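Read through the structure below, which is laid out as structure tokens, and then see the notes.
The values are calculated or read from the model by the stated rules, or taken from the named source; none is laboratory data. Everything quoted here is computed from the prediction, not taken from an experiment. Positions of Cβ are generated from backbone atoms using ideal geometry, with glycine treated the same way; all protein chains shown enter the neighbour counts. Heads up: the accessible areas ignore ligands, DNA and RNA and are worked out on the full protein's heavy atoms, side chains in. Shrake-Rupley method; radii C 1.70, N 1.55, O 1.52, S 1.80 Å.
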Amino acid sequence: MVSTDRLSAFAALSLLLIVIPGPSVLFVIGRALAHGRRTALTSVAGNTLGAYVLVAAVALGIGPVVERSVPLFTALKLAGAAYLVHLGVRTWRRRGSLRAAFECTERPGRGGGLRTLGEGFAVGVANPKTMVFFAAVLPQFVDRAQGRVPLQMLLLGLVFNVIALVSDSAWGLLASAARGWFARSPRRLSAVGGIGGLTLIGLGVTVAATGRDS
């Protein structure tokens, strides 16, 4: 298995990368501002599950294929970007009805929770940059002499995702707490819904415009 030294070094590297706000953090903040704590935390859970699917894909050898294939990388990148823009536009259009949503944030319907989990999962699993990161970094911390390389990668990916789960949840809680102040005024609440929608749209455009082109 992975030695303690390698595991500690990977955890430290992961923490440095995760604490810097990136696409998943902005996604969670946008959801928290628009819909509240429950939606934010459910989105974090879905996003983490999606990211771990990418870990499994890398461990099984799919990651390097995406890393080397420009068309496949671009297709995944644009799919993820389009989905973020879709969520942003939907949030923007519904910003005027956020007061009713705020009042029932802590008791969503069963279908709503599953839908939110699925949306977070879709964003996490459609993030080609995360897959490329795992494909490039995980092999560097694997001790091939110990064998069971896929299992070592799964363990390293689990460490990364646990750290990301804690960090993203903290961002979601902070953003949803700020949303409570906005909720005291219908105008503020409408504004924060617009901010959340624009954040997601901007994130989608950024994902589509950046990354490897060739």
| request: Give segment 138-173 a look and list any residue that's at pLDDT 75 or above, touching a Phe, Trp or Tyr at 6+ places or on another chain (Cβ under 9 Å) and open to solvent by 20 Å² or more (accessible area, probe 1.4 Å), or say none. | output: PHE141, LEU154, LEU158, VAL159, PHE160
| message | Being at pLDDT below 85 and open to solvent by 60 Å² or more (accessible area, probe 1.4 Å): is that true of VAL25 here? | response | no
| note | Sole miss for ALA170 among (1) more than 14 Å from ARG6 (Cα to Cα); (2) touching a residue at least 12 places away in the same chain (Cβ under 8 Å) is condition (2)
| Which of the residues belonging to segment 140-184 are of a type in the set (Lys, Arg) and outside any helix (DSSP H, G or I)? | ARG148, ARG184
| field | Subset tally (residues that are within 12 Å of the chain's Cα centre (by Cα) and either polar (S, T, N, Q) or farther than 21 Å from MET153 by Cα (or both)) for segment 31-58 | value | 8
| said: Quick test of your reading of the structure: VAL66 fulfils all but one of (1) open to solvent by 70 Å² or more (accessible area, probe 1.4 Å); (2) at pLDDT below 70; (3) among the hydrophobic types (A, V, I, L, M, F, W, C). Name the failing condition by number. | reply: (1)
